[in-house]
1. In peptide A:42-55, how many Cβ atoms from other protein chains are near each Cβ within 10 Å, on average?
2. Label the protein assembly as shown by shape, choosing from rounded, prolate and oblate, from the square roots a ≥ b ≥ c of the eigenvalues of the Cα gyration tensor; if a/c is under 1.5 it is rounded, and otherwise prolate applies when a/b is larger than b/c, oblate when it is not.
3. What does the average come to when, for each residue of peptide B:17-26, you count the partner chain Cβ atoms lying within 10 Å of its Cβ?
4. From the Cα trace of region A:1-154, what convex hull volume per residue do you get, rounded to a whole Å³?
5. Take peptide A:106-119, look around each residue's Cβ out to 10 angstrom, count Cβ atoms belonging to other protein chains, and average those counts.
6. Going highest first, how would you order A:207-213, A:115-121, A:44-50 by mean Cβ packing within 10 Å?
7. Express the relative contact order of region A:159-201 as a whole percentage, based on alpha carbon pairs under 8 Å and six or more residues apart in sequence.
8. Kindly rank A:234-241, B:63-70, A:85-92, A:57-64 from highest to lowest mean number of other beta carbons found within 10 Å of each residue.
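Taken together, the values in this text are just the output of simple stated rules run on the coordinates, not laboratory data. Since we're looking at a predicted model, the values are computed, not measured. Don't worry about glycine lacking a Cβ; one is built from the backbone with ideal geometry, like all the others, and counts go over all protein chains shown.
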Amino acid sequence: MARAAIPGRLSWRVATVADARWETASARTLVLDVPQWPGHLPGQHVDVRLTAPDGYSAQRSYSIASSWRAGGPVELTVQRVEDGEVSSYLTDVVSPGQQLELRGPVGGWFVWRGGPAPVLLVAGGSGLVPLMAMIRARGDVRGRQPFRLVHSVRTPQDALYGTELARRVRDDPGLDVHRVYTRKTPEGWPHPPARLGVATLNTHGWPPDFGPDVFVCGPTAFVETAADILVALGHDPKKIRTERFGGTA
Amino acid sequence: MTSHFELDGNALGGDLGEIFAVDLTEAVATCAGCGQAAMVATLRVWGPAPGLVARCPSCEDVVLRLVRGPEQAWLDLRGAVSLRVPLPPDGPLA
């Protein structure tokens, strides 16, 4: 049996912004052409490096939003953060035709590799981005694994990928989406605004007996809370994969 | 030490990936302080900063420090008893 190749070390490469679109008032998707991109798995991220003319450079990690199709682009959805020196450049300044330095794909743990287990995705705000790559990858292969997404957002206007998720819930069998609104709900929503709680994950998650693969991504406090609730509900901590991001991206 | 931190070991993957040919976020680090074995992806990381400091999720001792300079990287692993690194299955080549 041939030994599986180790893909090798990462290095920086130049990506060109091919297109850009707003997802919400403060989140923008950059479509990047990356020559010789080796492909990526849903959940992986890239590091983006910006260098000023005076040599000052800043580097941040951004999750890949797109699923991988050979020869296809790499899409990042960037949430603007107040005073975020990199994120505000990527949302408000960079335009198609410009180039960025990029390193990746990064990560092998916070990754969905398929398999038959049901999947629970728990997202806080723009923590949805790597989980969306998983939903898209499942859609690409018409996967049958039952997928549930619980997405916590401040207001309806902050919900990323709303139109696409509505279409996928209709067209991708076995995908459910539940949103939690923490500051403002849509008209006629049956509950007042509230944070993610035990009842929501109990009702809209999977029972621990189903042995789901669980992915949680969001701000640190959100991830801590969600993981604590899931463990308290009886989920195996080893099946809960988490990715935290700070407020300074 | 407060319980507030910003990132986790997933964010170390890129810098470690410049040094190692395998993904180290999937490696298991055993803390020299408390003996807890934790996936590198689950270490607590503060950043962004010129250097990254990764702490044990159990006792918050420093497990790993990484500083990237223009032409070199410094990796301080004195807080880890061991790193268990997953590899492709070994076997005869033909």
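1. 1
2. Because its axes are fairly even, with a/c under 1.5, the protein assembly as shown counts as rounded.
3. 6
4. 136 Å³
5. 4
6. Sorting A:207-213, A:115-121, A:44-50 by mean packing, highest first, produces A:44-50, A:115-121, A:207-213.
7. Across region A:159-201, relative contact order equals 25 percent.
8. My ranking of the peptides, most packed first, is A:57-64, A:85-92, B:63-70, A:234-241.
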